[in-house]
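> Take this structure, written in structure tokens, and hold onto it; I'll ask about it next.
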Amino acid sequence: MVETATRSDLNTTQDREMPRYSTLIAKMANSFLYRHTLGAAVETRMGRVALLAGLPLIWIVALNLGPIYQMLKISFLSNYPVMPGDKSEFTLENYIVFFQEPIFFLPLIRSFVFATATTMVTLIVVYPVAYYVAKVVRPSGRPRALLLLLVPFWAGEIIRTFSVIMLLSNRGAINVLLRDIGLIDRPIPMLYTPFSLGFGLIYLICLYMLLPLYSAIEKIPSSLLDASADLGAGPLTRFRRIILPLSKDGIVSGCALVFLTCIGVFATLMLLGGPNTVLFPETISSFFHGASNKWPVGAAFAMIMLTTALIAAGLFVRLVGGKKGSTF
Amino acid sequence: MRNLVPDFPRAALTAFYWAFLFYLLLPLTLMMALSFKDANFVSFPIGNLTLDWYAKVIQDKQFLEACLYSIGIAAASTLAATIIGTWIAMLIVAEGIRWQVVIFALAVLPAVVPGMISAISLRIFISTIDMPTGTGAIILGHTVHSVPFVVVMALTRLRSMPKNMVDAARDLGADNIVAFLRVTLPYLAPALFGGMMFCVLLSIDDFVRTFFLGGYRATLPMLIFAKVQGGMSPEINAMATLVLVVTTSFGLYAEFITRRARTR
Amino acid sequence: MDPIVTFENVTKSYGTFLAVEDLNLEIERGKFVTLLGPSGCGKSTTLRMLGGFEVPNSGRIMLSGKDVTRVPPNKRNVNIVFQDYALFPHLSVARNIAFGLELKGHDKKQIHRRVSELLELVQLQEFAHRIPAELSGGQRQRVALMRALAPDPDVLLLDEPLSALDAKLRQQMQMELKSIQKTTGKTFLFVTHDQEEALTMSDQIVVMNKGKIEQMGDPTALYSQPSSTFVANFIGETNLLRSKVQSVNGDLTAVDWQGITVKAGPGALLPQPGDSINVVLRPESIKCSLSEPSTTNKAKGRIRQRVFKGNHTSLMIEVANGAVLNALVHPSDIAQIGDQDIWVGWNTDSTTLIPDKHAAE
């Protein structure tokens, strides 16, 4: 009896406590202004399409395509920005000069070598890590295992690059350690060399590989692995015949992402690169800053880099992916 | 005894994971450690410890200004990117819209264009529309860069939304706008929140776009970059450590919030 | 009669697929009407057209005397209970139910009164502050129902709302739906592919097939007097005796069922001697006995298979002419019968005649 009484008391208090009904949006929708503007527009097909597609299409065309279009246009001009009294004419000179001078095309080749090498090393190093988190760690522990790996990602490009200097500089951790255990007498110069640049790039970019790989490997049903083990497949066979093919999507998109990011890295290049490691972004940048302020050449070089990088990534996705795949 | 063999890859993988984590965290740890060094040069061994560098940094007007500037730019570009990205995602999932694949590909284009190219093309673009370099240009550049990430996150969430929910709202008297505000937007909220956090970090970290689009005021990465090029000092370590701690806790918090929202 | 909903020559196609073809249908005010048919028969399209989510290619839909053919869903006074309920996951039970009222611009006190009233109707007062994820399937179903009823629609549309529930809960909800319809006096238009559900709840059943109305009427009439093989097969279990008409004598038709002469009751058609025809014989009308029965029709046969189902036993009987009949009998009625020859018998008034489609074509 007592129980029922308290329970019904509870009900009435709950009844009295009125939920927070919201009439604000209804008031807006019923207002004169709304009904004769947006409200009227959204009831017609034309109005709906305009509301839905207007801003997105303008944005995409103006700001996703616009800059690249302008860059393409300027790359064919003899002169830009055009000063009063100057003339600007159509020319192919900006492209031709690229192929004539080794100081122009060598950095691009170097960029591709660095990006390819970084991508490969990153893939080999990160794959086991992604596999470990996706398949060896218990499902409940996975978020934590992933989160630990993501911590450096939040540090940002400059800080991560800066921290690499702490490791590699002449009085950095590695040199001091080697000297203390007596392996070397004078520090090995590591900064501003291809080594420091490669090390920095890998350190900067390896996490872009982790997430695509992780999500691809995680999707492979564990039962498949158990089944193949049951059929007598050893760890290597299982890896080659099941895990590798089934994680191909992740490998392809991870590699494409790392490659494209790596090609466009700028700050790390400036901080860790040296005179022997001039990469293409530095070349391009020199046309926009500094003495040779020649935008059209810079634009032409940027176009060359964009098309070659996208073609390389696209070819890779096509060939390895085997089917039309997007990088996402 | 037989278990020893299958367990070998497992143990090796575990060891490799921890080694990799060590590799990831070592440089950052060294950087943080050196921020406490009681000397004017950055080198090992650390020797005496001090908090002087931190005291110096938090009194550094340049640093504080850069912080505020970065935060302002991040807030503005994130807000803009969230609105535009959600709008684009709504267009892509809408019924009766053709070329959805093309729209999607174009919408995420800035995420696959290498950062350097993106920065250069934006620099050229703002000059062709007579826009000056500076705050506005940086915000525009960061927004362009952030939109694709919002689009992808919003799309993922929208595709998991039961189609009937909007129909139900329409059925109960909501027009398309009201249905969006009262049903779709609340449904999207967790994904958008995650996307916004990501955009903030993206904007605060960005160097290359800011470098080409910026004026004389320095954002945080620009300031640190300039200081690093100017010469090493534990002061930079202290500054970087402060930024690292703040962005990392922000990232962890965002991760925590989105994870909680996803399980609900 | 004052129909609340009228479909006039409504046709809807998707590309080359004709979902609904020249539909004419009147729905009476205050009735529980069911659209019944297999998937793809056009019943859901019909419902969505009335809800405003599909616009017919031609024809007219009238609601309470007004042409609503092209009126958008938010501007017409009908509400839908969706198959997956489509409850708003971010709103509490009370706010889900209040959704339509909020949009109508009622003030908060009014809204609260109406919501409390509806929650009481389905005894969910205690759950007012919960979100849908914290409710059971049956409770969600009730919330969806109340949400649709809250704005006081002219017609309530229900799109297979019970299909997600388990069998026991479904039966309970059938009763509840029927009683809510009675108490509120609302017109319910219910869509289902489940004939049992339709028979249990409806005042009127509209059987649809391939975009057209096959037959409509109250459940008893549909069950006992199907007008086509499709309806006979779709509603309940049935034996179809393919026969030739021998003679017609008033309401009584004598037919030849593969060698056995059977007398059959009236149907919706006027048969001529020589016509191919189907006699509909429901399994529960068949009686089995060891001695010759006194029924109008009888035949010798043998039980080939028996399946005990608790309150009845389902039999497969091979009749002397080689045909097989399904019969439902009370278990005690056949307790003495083994593998020996038996008699099966049925009365004329439990049969009906329908045209043999295959012969007609």
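The values are calculated or read from the model by the stated rules, or taken from the named source; none is laboratory data. Small disclaimer: the values here were computed from a predicted structure and weren't measured. Positions of Cβ are backbone-derived with ideal geometry, glycine not excepted, and every protein chain shown enters the neighbour counts.
For (1) modelled with pLDDT of 85 or more; (2) part of a helix (DSSP H, G or I); (3) more than 13 Å from chain B (Cβ to nearest Cβ); (4) surrounded by 17 or more Cβ atoms within 10 Å (Cβ to Cβ), each residue gets a yes or a no:
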| residue | (1), (2), (3), (4) |
| --- | --- |
| C:Glu54 | yes, no, no, yes |
| C:Arg60 | yes, no, yes, no |
| C:Ile80 | yes, no, no, yes |
| C:Gln83 | yes, no, no, yes |
| C:Phe88 | yes, no, no, yes |
| C:Arg95 | yes, yes, no, yes |
| C:Gly100 | yes, yes, no, yes |
| C:Arg114 | yes, yes, yes, yes |
| C:Glu117 | yes, yes, yes, no |
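> Is there a residue in the range C:145-155 that is small (Gly, Ala, Ser), surrounded by 17 or more Cβ atoms within 10 Å (Cβ to Cβ) and either at negative phi or not assigned by TED's automatic domain parsing to the domain that holds C:Phe88 (or both)?
Yes - at least one qualifying residue is present in the range C:145-155.
> If we only count helices (runs of 4 or more DSSP H) wholly inside the range B:1-111, which ones have 2 or more residues that are within 13 Å of chain A (Cβ to nearest Cβ) and among the charged types (D, E, K, R)?
Helices (runs of 4 or more DSSP H) meeting the threshold: B:4-34.
> Say we look at the range A:32-53 and pick out the residues that are facing chain B (nearest Cβ under 9 Å) and farther than 17 Å from B:Ala174 by Cα; which of these is surrounded by the fewest Cβ atoms within 10 Å (Cβ to Cβ)?
Checked the range A:32-53; the qualifying residue surrounded by the fewest Cβ atoms within 10 Å (Cβ to Cβ) is A:Val49.
> Here is a list of conditions, (1) at the interface with another protein chain (Cβ under 10 Å from one of its Cβ atoms); (2) out of contact with any helix residue (DSSP H, G or I) (no Cβ under 8 Å at 6 or more places or on another chain), and B:Gly136 meets all of them except one; can you say which number that is?
Of the numbered conditions (1) at the interface with another protein chain (Cβ under 10 Å from one of its Cβ atoms); (2) out of contact with any helix residue (DSSP H, G or I) (no Cβ under 8 Å at 6 or more places or on another chain), the odd one out for B:Gly136 is (1).
> Can you tell me which residue is surrounded by the fewest Cβ atoms within 10 Å (Cβ to Cβ) among those in the range B:152-176 that are more than 9 Å from every other protein chain (Cβ to nearest Cβ) and touching a helix residue (DSSP H, G or I) at 6+ places or on another chain (Cβ under 8 Å)?
B:Arg159
> Given the conditions (1) in contact with a Leu (Cβ under 7 Å, 6 or more places away or on another chain); (2) within 14 Å of chain B (Cβ to nearest Cβ); (3) among the basic types (Lys, Arg), and given that C:Arg48 satisfies all but one, which numbered condition is not satisfied?
(1)
> If you don't mind, there's one more thing I want to ask. Taking the range B:210-225 as the search range and keeping residues that are buried (at least 22 other Cβ atoms within 10 Å of the Cβ) and not hydrophobic (A, V, I, L, M, F, W, C), which one is nearest to the other protein chains (Cβ to nearest Cβ)?
B:Pro221
> If B:Val147 satisfies every condition in (1) in contact (Cβ under 8 Å) with a residue 40 or more places away in the chain; (2) crowded, with 22+ Cβ neighbours inside 10 Å; (3) farther than 23 Å from A:Gly314 by Cα but one, which is the exception?
In the conditions (1) in contact (Cβ under 8 Å) with a residue 40 or more places away in the chain; (2) crowded, with 22+ Cβ neighbours inside 10 Å; (3) farther than 23 Å from A:Gly314 by Cα, B:Val147 misses (3) alone.
> If B:Phe207 meets every condition in (1) touching an Asp or Glu at 6+ places or on another chain (Cβ under 9 Å); (2) more than 12 Å from chain A (Cβ to nearest Cβ) apart from one, which number is that one?
For B:Phe207, the exception is condition (2).
> Still on this structure, I have one more. Being in a helix (DSSP H, G or I), of a type in the set (S, T, N, Q) and farther than 22 Å from A:Ala115 by Cβ is the filter here, so list the residues in the range A:164-204 that pass it.
A:Asn175
> Now for a different question. Which of the following residues is at positive phi and without any contact (Cβ under 8 Å) to a residue 60 or more places away in the chain: C:Gly185, C:Gly100, C:Gly105, C:Gly137?
Of the residues listed, the single one that is at positive phi and without any contact (Cβ under 8 Å) to a residue 60 or more places away in the chain is C:Gly105.
> Out of everything in the range B:226-240 that is out of contact with any strand residue (DSSP E or B) (no Cβ under 7 Å at 6 or more places or on another chain) and surrounded by 23 or more Cβ atoms within 10 Å (Cβ to Cβ), what residue ends up being farthest from A:Leu147 (Cα to Cα)?
So the residue we want is B:Ile236.
Every residue, every condition in (1) in contact (Cβ under 8 Å) with a residue 40 or more places away in the chain; (2) at the interface with chain A (Cβ under 7 Å from one of its Cβ atoms), yes or no:
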residue	(1), (2)
B:Arg182	no, yes
B:Cys199	yes, no
B:Asn237	yes, no
B:Gly251	yes, yes
B:Ala254	yes, no
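> Suppose the filter is at pLDDT 85 or above and surrounded by fewer than 17 Cβ atoms within 10 Å (Cβ to Cβ); does C:Asp22 pass it?
yes
> If you don't mind, another one. How about the range C:79-110: which of its residues are in contact with a Leu (Cβ under 8 Å, 6 or more places away or on another chain) and under 15 Å from B:Gly173 (Cα atoms)?
Passing the criteria: C:Asn79, C:Ile80, C:Val81, C:Asn96, C:Ile97, C:Phe99, C:Gly100, C:Leu103.
> Filter the range A:130-163 down to residues that are crowded, with 17+ Cβ neighbours inside 10 Å and not in a helix (DSSP H, G or I) and give me whichever is farthest from the other protein chains (Cβ to nearest Cβ).
Within the range A:130-163, the match that is farthest from the other protein chains (Cβ to nearest Cβ) is A:Val137.
> Could you tell me whether C:Ser285 is polar (S, T, N, Q), free of Cβ contacts under 8 Å to residues at least 60 places away in the same chain and either in the same structural domain as C:Asp333 (by TED's automatic domain parsing) or within 18 Å of C:Ile354 (Cα to Cα) (or both)?
It is false that C:Ser285 is polar (S, T, N, Q), free of Cβ contacts under 8 Å to residues at least 60 places away in the same chain and either in the same structural domain as C:Asp333 (by TED's automatic domain parsing) or within 18 Å of C:Ile354 (Cα to Cα) (or both).
> Need at least 1 residues that are more than 30 Å from A:Thr44 (Cα to Cα) per element, so show me which helices (runs of 4 or more DSSP H) inside the range B:171-251 make the cut, counting only ones lying wholly within it.
Fully inside the range B:171-251 and qualifying: B:185-205, B:208-213, B:220-230.
> Something else about it: When residues of the range C:227-263 are filtered for being on the phi > 0 side of the Ramachandran plot and over 24 Å from the mean Cα position of the chain (by Cα), how many remain?
Result for the range C:227-263: 3.
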